[in-house]
């Protein structure tokens with residue numbers, strides 16, 4: 001079952017983020033990926049008027065073959081970038097795990113990727129690949145596109161997710177336990193019994209949406 005994830009990545013952590021420096025622009029947005037021979041090259045919008053300094057910086061990278069202006073408006077410019085994605089470890093990790101790029105936006109501080117993977121295992125392998133390549137990935141949310149009613153984070157409500165993440169961080173599930181439900185309750189400002197019930201419901205929701213494949217409709 002496919003899974004869609006949203007990730008945040010610092011621009012300095014991957015080749016394309018370093019190439020498309022945003023010192024002279026407010027944001028970058030991927031328009032589409034188009035085939036070019038055996039490669040796939042991106043068309044992307046750069047917001048704010050773009051000067052020659054931006055283009056010179058992009059062309060100066062060894063992995064860039066060319067950057068071409070396609071269309072220009074007062075507040076944004078569309079470019080075609082022909083660059084060697086094989087040298088970009090992030091894109092190599094995505095392609096190696098059969099990931100599909102759905103959308104990409106970038107700012108000076110972070111890039112936001114929306115990706116589709118065949119299953120949760122492929123997503124995990126992509127994240128492991130990024131870790132091995134020293135790419136720091138922040139997981140914003142994960143959801144199953146075939147079960148939109150589950151919402152993000154495998155059907156967990158915000159209180160359930162908060163309790164479960166706190167329990168993991170404080171070592172509640174470690175052996176030996178790093179904390180008690182009473183300590184979790186004090187952190188959350190609820191009763192000991194409420195913590196136990198919230199964790200039970202969180203684990204049940206996570207199991208239903210992350211591990212159990214729905215039966216196909218007749």
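Annotations
- Residue tally, condition under 12 Å from residue 3 (Cα atoms) and not in a strand (DSSP E or B), over the stretch 94-120: 5
- Filter result (part of a loop (DSSP other than H, G, I, E, B) and out of contact with any helix residue (DSSP H, G or I) (no Cβ under 6 Å at 6 or more places or on another chain)) within the stretch 43-62: 48, 49, 50, 51, 60, 62
Residues checked against (1) under 24 Å from residue 125 (Cα atoms); (2) at pLDDT below 80:
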position	(1), (2)
143	yes, yes
147	yes, yes
150	yes, yes
155	yes, yes
159	no, no
164	yes, no
169	yes, no
173	yes, no
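The values are calculated or read from the model by the stated rules, or taken from the named source; none is laboratory data. These figures come from a predicted structure and were not determined experimentally. Here the Cβ is made from the backbone with ideal geometry for all residues, glycine too, and neighbour counts use every protein chain on show.
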